[in-house]
Amino acid sequence: MNQEITTAELRERLEAGEKLNLIDVREVDEWQDGHIAEAKLIPLSEFTERLDEIEKNDQPIYIICRSGGRSGKVCSYLAPQGYNVVNVQGGMLAWSGDIVTGE
């Protein structure tokens, strides 16, 4: 079972100034339409090729997508490899915080 966090909990942590490792796995066009400023984009379609960009340490890696489906798949893929992953429930559809658009 993957660890999960709500978008409200994620927002509270970011607003409190916590430095979180947040990865958005949506595609580039979705990212440009609006994303969380602190997030890093690694689209699901490029994920396995860019795995070396993800640090494997004790820090949790928060994974977000549009609704929680793709991020759940990524968590299920990374967890058995020893990554400490947390799925953001509801994804960007549930996000009520600020977003930035474009690159």
Within the bounds of the range 38-47, is there any residue that is over 23 Å from G102 (Cα atoms), without any contact (Cβ under 8 Å) to a residue 40 or more places away in the chain and open to solvent by 60 Å² or more (accessible area, probe 1.4 Å)?
no
What are the residues in the range 75-86 that are at negative phi and either among the β-branched types (V, I, T) or open to solvent by 10 Å² or more (accessible area, probe 1.4 Å) (or both), if any?
S76, Y77, A79, P80, Q81, Y83, N84, V85, V86
Pair list, Cβ < 6 Å and 6+ apart or interchain, from the range 64-83 residues that are farther than 11 Å from L44 by Cα and among the charged types (D, E, K, R) to residues that are open to solvent by less than 40 Å² (accessible area, probe 1.4 Å) and in a helix (DSSP H, G or I)
R66/G91; R66/M92
When you check E30 against the structure, is it surrounded by 12 or more Cβ atoms within 10 Å (Cβ to Cβ) and either part of a strand (DSSP E or B) or touching a strand residue (DSSP E or B) at 6+ places or on another chain (Cβ under 7 Å) (or both), yes or no?
no
I'd like to check something: does the range 84-99 contain any residue that is in contact with a helix residue (DSSP H, G or I) (Cβ under 8 Å, 6 or more places away or on another chain), of a type in the set (D, E) and either farther than 16 Å from N21 by Cβ or modelled with pLDDT of 95 or more (or both)?
no
Number of positions in the range 48-61 that are open to solvent by 20 Å² or more (accessible area, probe 1.4 Å), within 22 Å of N2 (Cα to Cα) and either among the acidic types (D, E) or outside any helix (DSSP H, G or I) (or both):
8
Complete set of residues in the range 79-97 that are out of contact with any Gly (no Cβ under 9 Å at 6 or more places or on another chain) and either among the aliphatic types (A, V, I, L, M) or outside any loop (DSSP other than H, G, I, E, B) (or both):
A79, P80, Q81, V85, V86
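The values are calculated or read from the model by the stated rules, or taken from the named source; none is laboratory data. Bear in mind that the values here come from a model prediction, so they are computed numbers and not experimental data. Please note: Cβ atoms are built from the backbone with ideal geometry, for glycine as well, and neighbour counts cover all protein chains shown. Just so you know, the surface numbers come from the protein's heavy atoms only, side chains and all, with ligands and any DNA or RNA stripped out. Shrake-Rupley method; radii C 1.70, N 1.55, O 1.52, S 1.80 Å.
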